[in-house]
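Student: Input: one structure, supplied below.
The values are calculated or read from the model by the stated rules, or taken from the named source; none is laboratory data. Nothing here was measured: the structure is a model prediction, and the numbers come from that model. Heads up, the Cβs are rebuilt from the backbone with ideal geometry, glycines too, and the neighbour counts pull from every protein chain shown.
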Amino acid sequence: MTSQTNPFLELAAPGIDALKPYLPGKPISELERELGIAHSIKLASNENPLGVSEKVIQAIANSTPELSRYPDGGAFQLHQRLAEKHAVDPACITLGNGSNDVLDMVARVFLSPGVESLFSQYAFAVYPISSQAVGARLVITPAKAYAHDLERMLQMITPRTRVIWIANPNNPTGTWLSRDALFSFLAQLPSHVMVVLDEAYIEYVQHSDYPDGSAWLERFPNLIVTRTFSKAYGLASLRIGYGLSNPDVADLLNRVRQPFNVNTLAQSAALAALDDQAFIQRSIALNNKGMQQYRRGFESMGLDYIPSVANFITVEVGEDASRVDQALLSEGCITRGIANYGLPNHLRISIGLEEENDRLLTTLKKVLKR
Ligand SMILES: *Cc1c(COP(=O)(O)O)cnc(C)c1O
């Protein structure tokens, strides 16, 4: 136990003891160094297999003369551009060093020892980490068919509930909530509860019943919507995302924001990325084809999967997935075991390029002897 071996724990803030670090997907360079191989594929972190738009590369090149200067801490242009995109006032926006940074700001502003942070079983791992780091009590609603059970979440609200976290679609399950279900949930919330609606994968969702939460900001002043440039926009390494909320909420979030949390290259890249919606369309089309490829592949192997609307799919491998994960790794295929989410028999696989998906399916078939 860390609590017995780390002498500094006694000095640490409450909540740190029970905290487990976020488990990232293994970087390609690390696997190749370990195995002494080349040409591995990474389908573990829901990154865009197309890379980034050419416009982004150009924008970053154009920004290099600015490298020695601090970034624009107020990110004026990007605020304007995002305000336009979402038809909101620029004062509704909180920029983050990745959207995880915004999630962390929400936790620091609204959570503390004595209040409760409510989220679903199988919800995104950052919610418990950010909540626990500030000493809040974690309350977990059991999932229903791997998805958020909104009725149950409403029942679990207490006078101490302060933040409810909902990812739509959710990672690592790929499940989603309809417009009606989510609207009715939001309409029933008491005013002492803030809701974070994490829309990291919104670009990939095509259902007409899928809601864009940013349209509800005026109707629900306690709503905070988060978006990221890490997934469909392909800017994961630059770390940039944002929150959309009532300006009074954004005011509080911006009070705890680090002064230069979004760097110059990220700001320029995000502006250029927003200007290349054709790249997003290509990314979505590729994702749709890849999703079909995986569904067919899993079905032909007789494997159950959780139907997903995002850029990854979670499959049940019918045994302890850590063996399968390791076997895939030794063949140069990085996927994501999700035992840490309480799903020890599942692997989460990001949708890659067609040939990457093919290689993964072929290798999985070999590893599982199907
Ligand atoms: C990937 C992901 C994010 C994005 O995190 P960034 O910090 O913006 O890279 C946020 N929420 C969920 C559910 C995710 O899967």
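Student: How many residues does the range 129-147 hold that are more than 18 Å from the chain's Cα centre (by Cα), under 19 Å from Ile157 (Cβ atoms) and of a type outside the set (A, V, I, L, M, F, W, C)?
Tutor: The number of residues fulfilling the criteria is 4.
Student: Which fully enclosed helices (runs of 4 or more DSSP H) of the range 254-370 have 1 or more residues being closer than 30 Å to Thr94 by Cα?
Tutor: 264-274, 277-301
Student: For the range 136-153, what are the residues that are buried (at least 18 other Cβ atoms within 10 Å of the Cβ) and not in a strand (DSSP E or B)?
Tutor: If the condition is that a residue be buried (at least 18 other Cβ atoms within 10 Å of the Cβ) and not in a strand (DSSP E or B), then Ala136, Ala143, Tyr146, His148, Leu150, Met153 are the ones that fit.
Student: Would you point out the residue of the range 125-135, among those that are assigned to a loop (DSSP other than H, G, I, E, B) and more than 16 Å from the ligand (Cβ to nearest atom), that is surrounded by the most Cβ atoms within 10 Å (Cβ to Cβ)?
Tutor: Among them, the one singled out is Val134.
Student: Has the range 185-203 got at least one residue that is more than 24 Å from Ile240 (Cβ to Cβ) and β-branched (Val, Ile, Thr)?
Tutor: There is at least one residue in the range 185-203 that is more than 24 Å from Ile240 (Cβ to Cβ) and β-branched (Val, Ile, Thr).
Student: Still on this structure: Give me the pairs, please: first residue somewhere in the range 136-155 and in contact (Cβ under 8 Å) with a residue 12 or more places away in the chain, second residue anywhere and surrounded by fewer than 20 Cβ atoms within 10 Å (Cβ to Cβ) and of a type in the set (S, T, N, Q), beta-carbon distance under 6 Å, and either six or more positions apart or on two chains.
Tutor: What qualifies is Ile140/Gln121; Pro142/Gln121; Ala143/Gln121; Leu154/Gln188.
Student: Quick one: which of Leu271, Leu253, Leu235 is under 14 Å from Ile60 (Cα atoms) and either more than 11 Å from the ligand (Cβ to nearest atom) or free of Cβ contacts under 8 Å to residues at least 40 places away in the same chain (or both)?
Tutor: It is Leu271.
Student: Looking at the range 169-195 only, could you name the residues that are among the aromatic types (Phe, Trp, Tyr) and assigned to a loop (DSSP other than H, G, I, E, B)?
Tutor: Result: Trp176, single match.
Student: While we're here: Can you name the number of the only condition in (1) crowded, with 21+ Cβ neighbours inside 10 Å; (2) assigned by TED's automatic domain parsing to the domain that holds Leu329; (3) more than 21 Å from Tyr201 (Cβ to Cβ); (4) not polar (S, T, N, Q) that Glu34 fails?
Tutor: With (1) crowded, with 21+ Cβ neighbours inside 10 Å; (2) assigned by TED's automatic domain parsing to the domain that holds Leu329; (3) more than 21 Å from Tyr201 (Cβ to Cβ); (4) not polar (S, T, N, Q) applied to Glu34, the lone miss is (1).
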